[in-house]
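Participant: Attaching a single structure in structure tokens format; questions to follow.
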Amino acid sequence: MDTKAYWVGFNLVKGIGAVRLRQIIDFFGTLEIAWNSPQEGFLAAGLPSKVVENFQQVRRQVDLDLIMANIEKKRIKVMTWEDSEYPRRLKEINQAPPVLFINGSINVEDDWAVAVVGTRRVTPYGRQVTAEIARFLAQNGVTVVSGLARGVDAIAHQTAIQAGGRTIAVLGNGVDVVYPPEHRKLASDIALQGALVSDYPLGTPPDGVNFPPRNRIISGLSLATVVVEAGEKSGALITAEFAVEQGRDVFAVPGSILTPQSEGTNRLIEQGARPLLKMAEILDALKLEQIPEKQLTRKLNPASAVEKNLLNCLSQDPMHVDELCGLSGLPISQVSATLTMMELKGMVTQVGGMNYVAAREAKGNYLAK
């Protein structure tokens, strides 16, 4: 069984989040061992009896093989803490979600992302500003992150797509459930030009209690959060609070003191958020004008231990794949597959006859680190 099945299984247990899952891994060593352990083991690990009862019930009721088959059938990706592709910005936050369900793809360029959030009851002013911000970010290679909600969120996603950029929607339900339902087409477009992301299991319906916690993922994926319009009790303010806790920048768009939609954003500015007066201020504050160079550097750096191993073996002198296998100690199937990916990334070049050389830029970047 795929080891990710056990991550998915524990994700179904009420009361087991990031902290307790880390506790389980530290005690048992692996989630596979934990999943097959008796109740006494969990009590010895220090888990509350109620949580242990919840786990026992889930383990009795679910078939992990069927769950994983359904995930595969729906073409959903499962990403865990153990995956090198796990979003590095999100991994930096306290209690990062152990499991992410992804419809679409999260790429290296999504390391440079900005959240654009706000009220569902957007004013014409807010609509215009949201579109201008999202368009500006997309055109400058910045991924737009939001929550697929009505109002500001939807405008941000739609505009990023229309501008040819990438966008990520973080959901308060399963990624196979679209809410609000009128955003079905938008959700489909996002999956093609970015990703729908959730830490809730497939099939989870939208529920009011789900949305505030998912906001930590919106801010966690992002270098900064821009709040366009927000009332005094808007969920966008919760996203801003998470961003502050995570050490990320918060921008707020100033608004009229006469409109309730600007009460929250004006209050944020009063509390120390940066007033967004010009679009370029986002790039300046986060040094995002260097995105093309940063993306090239990330692309050329080894993304895994296998890539690092092969890059160590290669030079400007051609080396045959068989020799690479001998030097790296890796099987031919793994070496060939990794070299193909490295060639697509511009890290290596095949010079004929299954001989490879390291790209000068890749080797230079790697040795300089």
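Participant: So which helices (runs of 4 or more DSSP H) are wholly in region 299-369 and hold at least 3 residues that are at pLDDT 75 or above and closer than 22 Å to E85 by Cβ?
Facilitator: The helices (runs of 4 or more DSSP H) meeting that bar are 305-313, 332-344.
Participant: Name the single residue, out of those in region 212-271 being surrounded by fewer than 24 Cβ atoms within 10 Å (Cβ to Cβ) and basic (K, R), that is farthest from D284 (Cα to Cα).
Facilitator: Within region 212-271, the match that is farthest from D284 (Cα to Cα) is K233.
Participant: Then there is this: One residue is enough: does region 117-129 have a residue meeting the conditions surrounded by fewer than 22 Cβ atoms within 10 Å (Cβ to Cβ) and within 19 Å of the chain's Cα centre (by Cα)? Spell out the reasoning first.
Facilitator: Step one: filter region 117-129 for residues surrounded by fewer than 22 Cβ atoms within 10 Å (Cβ to Cβ), giving 120-125, 127-128.
Applying the additional criterion that residues be within 19 Å of the chain's Cα centre (by Cα) yields none.
No, region 117-129 has no match at all.
Participant: Report, ordered by the first and then the second residue, all pairs with beta carbons closer than 7 Å, sequence separation of six or more or different chains, a first member in region 91-119 that is assigned to a helix (DSSP H, G or I), and a second member that is basic (K, R) and at pLDDT 90 or above.
Facilitator: E109/R166; D110/R166; D111/R89
Participant: Also: Checking D2 against (1) out of contact with any strand residue (DSSP E or B) (no Cβ under 7 Å at 6 or more places or on another chain); (2) within 14 Å of W81 (Cβ to Cβ); (3) charged (D, E, K, R), only one condition comes out false. Which one?
Facilitator: (2)
Participant: Given the structure, is S198 at negative phi and free of Cβ contacts under 8 Å to residues at least 12 places away in the same chain?
Facilitator: No.
Participant: What are the residues in region 130-147 that are crowded, with 22+ Cβ neighbours inside 10 Å and under 23 Å from L268 (Cα atoms), if any? Write out each step before concluding.
Facilitator: Here is the first cut: in region 130-147, the residues crowded, with 22+ Cβ neighbours inside 10 Å are 130, 133-134, 137-138, 142-147.
Once the filter is applied, which keeps residues that are crowded, with 22+ Cβ neighbours inside 10 Å and under 23 Å from L268 (Cα atoms), region 130-147 yields T130, I133, A134, L137, V144, V145, S146, G147.
Each row is one residue, and each column tells you yes or no for (1) over 16 Å from Q57 (Cβ atoms); (2) polar (S, T, N, Q); (3) part of a helix (DSSP H, G or I).
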residue	(1), (2), (3)
D2	yes, no, no
W7	yes, no, yes
F10	no, no, yes
I16	no, no, no
Q23	yes, yes, yes
D26	yes, no, yes
I33	yes, no, yes
S37	no, yes, no
G41	yes, no, yes
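Participant: Considering only residues of region 97-112 that are surrounded by fewer than 24 Cβ atoms within 10 Å (Cβ to Cβ) and of a type in the set (A, V, I, L, M), which is nearest to the chain's Cα centre (by Cα)?
Facilitator: Here the answer is I106.
Participant: Okay, next question. Tally the residues that are exposed (fewer than 13 other Cβ atoms within 10 Å of the Cβ) and part of a helix (DSSP H, G or I), restricting the search to region 58-87.
Facilitator: 7
The values are calculated or read from the model by the stated rules, or taken from the named source; none is laboratory data. Worth saying up front: this structure is predicted, and the values here are computed from it rather than measured. Positions of Cβ are generated from backbone atoms using ideal geometry, with glycine treated the same way; all protein chains shown enter the neighbour counts.
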